[in-house]
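Report on the following structure.
The values are calculated or read from the model by the stated rules, or taken from the named source; none is laboratory data. Nothing here was measured: the structure is a model prediction, and the numbers come from that model. Positions of Cβ are generated from backbone atoms using ideal geometry, with glycine treated the same way; all protein chains shown enter the neighbour counts. To get the accessible areas, we keep the full protein, side chains included, count just its heavy atoms, and leave off ligands, DNA and RNA. Shrake-Rupley method; radii C 1.70, N 1.55, O 1.52, S 1.80 Å.
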Amino acid sequence: MNVKRIIAILLSIITVCVGMTAYASDYDEHKYENAIVMLSDFGIMNGYEDGTFRPDASITRAEFATLAIRAAGYDNIAQGKENEFKDIPNGAWYLGYANFANSMGYMTGFDDGTFGGEKNVTLNQAIKTMVNVLGYEKIAEQIGGYPQGHIAVANTLDMLKGITTGETAATRGEIAQLIANSLTAVVADTKLGDNASVDYGDEMLIETLGYGVYTGKVEAVNGLALDKQFDSLDVDEVVIGGQKFKTTVSDMTKFFGLTVKFYLYEGKNGAVPEVRHAYALDGSYLTIDADDIKPTTTTSQVDYYDGTKIRKAKIDGATFVYNGKALMTADITNSVLIPKDGTVTLIDVDDDDNYDTVLIWEYDNIVVKSIADEKIYGLYEQVLTIPDDEASVTAIYNGNKASLSDIKIGDVVSAYVSKDGGYARLIISRNETEGIYTSKGSDYIVLDNGEKLKMSALYEILISSNSTRIDAPDFGDNAVYKLDATGKIASVEISEQGSGATQYGYIISVATEGIDDEGYVKFLNHNNEFETLPIASGRKLRLGYMDDITYTVKRVGFTELETILKNGETTIVKQLMKYSVTDGVLTEIYLVDKNGSGNSWYENVIESEMRVYSGKLVGDDYIVDDETVAFYIPNGGTLEDYRSG
């Protein structure tokens, strides 16, 4: 099971990210992502003001010296050191760090008295520096010196995980990994005096900086709780392993329900302990989309589709959490495990093939019509009451923490609300797409640009019930679709109706001669009169036709229209159509779907004399009345024969 991928899915639902400098976007899924996050959490290494981290960019000696001093815990002391290098101008931002690194023996300059702050630091130089920070300079010198001795010590201390060695320029990602490895390496045990010696110690560098390293399950954070006793936490609190801590980790919510290793800053002199970094330990995590959960699911087993295969997941004795709050026993039902829209995440912390925690995330979409008196009013008459407690409401827009004031009229808000209404997570979306409605599946529609849009539960209900509250597009309509944060349709605004093609005709021929070299169509109209209409040069008409197995609507020029009408024959196939005309020019043609599918129109062509029926059954399928359009098409629609007749 890909734990990182599952955590990323959880993060897309429940994360609250703040501070673009600390949490850049260009290292997601990068091989050094975990190290980068760790150093960001510790305040050792951050990104740039434009929101990037640039993990593959090189790093200068000046920048690296600063990071090494921070990792050693001397950030404040280093800033006051005097200049010891002839190439560093007074007032340079890194002056104190370079001088302090030199005085401590961590990172010396070159033989010519320069530091070379603007030069790129090499991997070997960085390894030597961190070996010295940990106190192993003498051992490294005894076994070969630079670089072999330092590399050997680093390898012994497991500092080289994920990186290589050499005199090539190090990248920012490699430096992040090296420093992260060094933080969990043991510091040298140094003895002074007549029997001075240096040996491998048993205390990690991170511990010398005031941190304790622990393991536990995240049971409550930011309004989410596995146990109701932890429902009320401050926004900067977390419960791990039954204990409440302060935390500075801005995205701690992504670990909700998971077992983590966490770094607790315990400081000195009675400092308030706070969690500053955490990462998930191995385990089994499974996130299932609501659409894939089978109705046979029960409170002891989740049945779901994995592609075309049916899987089963045991959840005997699990803790059930609905939208961030633990469920009471009476609320744990089969139906609650089948959300209308959302996901179900299963967590197995002990890998015994029985999932211990079930996180049910179900949302309702609200297309914002108005906001007043701590309530959001929806386009379809929904009303969402916002909880009073600040810690019980989280708004997210584009993956970042937002405020309620950021919600605008017309936004799509996906509201995850706990059963008691005491917690709400609001995901704001302003995503939309535009296209012509061409076909429909069981829970999706297809646009002319190829997009397949799934319908949200509310939208599907309103469509299927023919509700007058929704602007439902017809086949061929061009519309703007508002989408929720998961990409599902929340509402529709029709911009151009295709249903104006209400005139009926029978196509006889097409040609490009006779009317200023423009393409034109000859057809028998509904008054049984022959008519010729052009397709304006440079314009495309909207054509609906049967393409192999599906009915398709798209815009075509004359050449493509002729090809489709021929359908592989040498001449066009004469057939019925619906059409519309604008300023004497054909703008829409819809051909008959011979299969009679629900997304296109179907007529029974009777090649005989015109008849008028009044509510009579024709065959076993059709009822016609005095409004039914019928055609008299002698000789298979041959124009000359018709005229001569």
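Observations
- Residue 76 meets the stated requirement of being free of Cβ contacts under 8 Å to residues at least 60 places away in the same chain, open to solvent by 10 Å² or more (accessible area, probe 1.4 Å) and either hydroxyl-bearing (Ser, Thr, Tyr) or outside any loop (DSSP other than H, G, I, E, B) (or both).
- Filter result for residue 353 (within 20 Å of residue 287 (Cα to Cα), exposed (fewer than 14 other Cβ atoms within 10 Å of the Cβ) and more than 26 Å from the chain's Cα centre (by Cα)): yes
- Answer residue from the range 327-346, given it is surrounded by fewer than 22 Cβ atoms within 10 Å (Cβ to Cβ) and among the hydrophobic types (A, V, I, L, M, F, W, C) and is nearest to residue 454 (Cα to Cα) among those: 338
- Of residues in the range 400-428 being polar (S, T, N, Q) and more than 21 Å from the chain's Cα centre (by Cα), the one surrounded by the fewest Cβ atoms within 10 Å (Cβ to Cβ): 405
- From the list 64, 42, the one residue that fits, being buried (at least 17 other Cβ atoms within 10 Å of the Cβ), in contact (Cβ under 8 Å) with a residue 12 or more places away in the chain and touching a Lys or Arg at 6+ places or on another chain (Cβ under 7 Å), is 42.
- Residue in the range 253-269 that is within 25 Å of residue 363 (Cβ to Cβ) and acidic (Asp, Glu) present: no
- Screening residue 162 with (1) open to solvent by 50 Å² or more (accessible area, probe 1.4 Å); (2) farther than 18 Å from residue 106 by Cβ; (3) of a type outside the set (A, V, I, L, M, F, W, C); (4) in a loop (DSSP other than H, G, I, E, B) gives one miss only, at (1).
- Within the set 377, 363, 397, the sole residue that is under 22 Å from residue 341 (Cα atoms), aromatic (Phe, Trp, Tyr) and open to solvent by less than 40 Å² (accessible area, probe 1.4 Å) turns out to be 363.
- Cβ-Cβ distances below 6 Å connect the following pairs, each with a first residue in the range 568-583 that is within 13 Å of residue 506 (Cα to Cα), a second residue that is of a type in the set (Phe, Trp, Tyr), and a separation of six or more residues or different chains: 576/506; 578/504; 578/590.
- Consider the range 481-503 and keep the residues that are surrounded by 20 or more Cβ atoms within 10 Å (Cβ to Cβ) and within 14 Å of residue 586 (Cα to Cα). The one that is modelled with the highest pLDDT is 498.
- Matching entry among 118, 33, 49 (being open to solvent by 20 Å² or more (accessible area, probe 1.4 Å), within 26 Å of residue 235 (Cα to Cα), at pLDDT 90 or above and not aromatic (Phe, Trp, Tyr)): 33
- Residue under evaluation residue 333, criteria (1) part of a strand (DSSP E or B); (2) more than 26 Å from the chain's Cα centre (by Cα), criterion not met: (1)
- Per-region count, the range 133-146, residues in a helix (DSSP H, G or I) and open to solvent by 10 Å² or more (accessible area, probe 1.4 Å): 6
- Taken over the range 26-73, the residue count meeting the criterion of being within 21 Å of residue 99 (Cα to Cα), assigned to a helix (DSSP H, G or I) and within 27 Å of the chain's Cα centre (by Cα) is 0.
- Of the criteria (1) open to solvent by 30 Å² or more (accessible area, probe 1.4 Å); (2) among the polar types (S, T, N, Q); (3) outside any strand (DSSP E or B), which one residue 253 fails: (1)
- Residue in the range 429-443 that is nearest to residue 225 (Cα to Cα), counting only those that are within 24 Å of the chain's Cα centre (by Cα) and part of a strand (DSSP E or B): 429
- Any hit, the range 292-310, residues being assigned to a strand (DSSP E or B), open to solvent by less than 10 Å² (accessible area, probe 1.4 Å) and touching a Phe, Trp or Tyr at 6+ places or on another chain (Cβ under 7 Å): no
- All told, residue 110 meets the bar of being over 19 Å from residue 201 (Cβ atoms), open to solvent by 20 Å² or more (accessible area, probe 1.4 Å) and not β-branched (Val, Ile, Thr).
- Of all residues making up the range 541-598, the number that are part of a loop (DSSP other than H, G, I, E, B), touching a Ser or Thr at 6+ places or on another chain (Cβ under 9 Å), at pLDDT 80 or above and of a type in the set (Ser, Thr, Tyr): 1
- Breaking point among (1) over 19 Å from residue 423 (Cβ atoms); (2) in contact with a helix residue (DSSP H, G or I) (Cβ under 9 Å, 6 or more places away or on another chain); (3) not in a strand (DSSP E or B), for residue 262: (3)
- Qualifying residue in the range 140-156 (condition: in contact with a strand residue (DSSP E or B) (Cβ under 9 Å, 6 or more places away or on another chain) and of a type in the set (A, V, I, L, M, F, W, C)): no
- Count - residues of the range 436-460 that are open to solvent by less than 20 Å² (accessible area, probe 1.4 Å) and touching a Phe, Trp or Tyr at 6+ places or on another chain (Cβ under 8 Å): 5
- Total residues in the range 444-465, condition over 26 Å from residue 377 (Cα atoms) and assigned to a loop (DSSP other than H, G, I, E, B): 4
- Search result, residues across the range 210-245 that are open to solvent by less than 60 Å² (accessible area, probe 1.4 Å) and touching a helix residue (DSSP H, G or I) at 6+ places or on another chain (Cβ under 8 Å): 213, 218, 219, 220, 221, 222, 223, 224, 233, 238, 239
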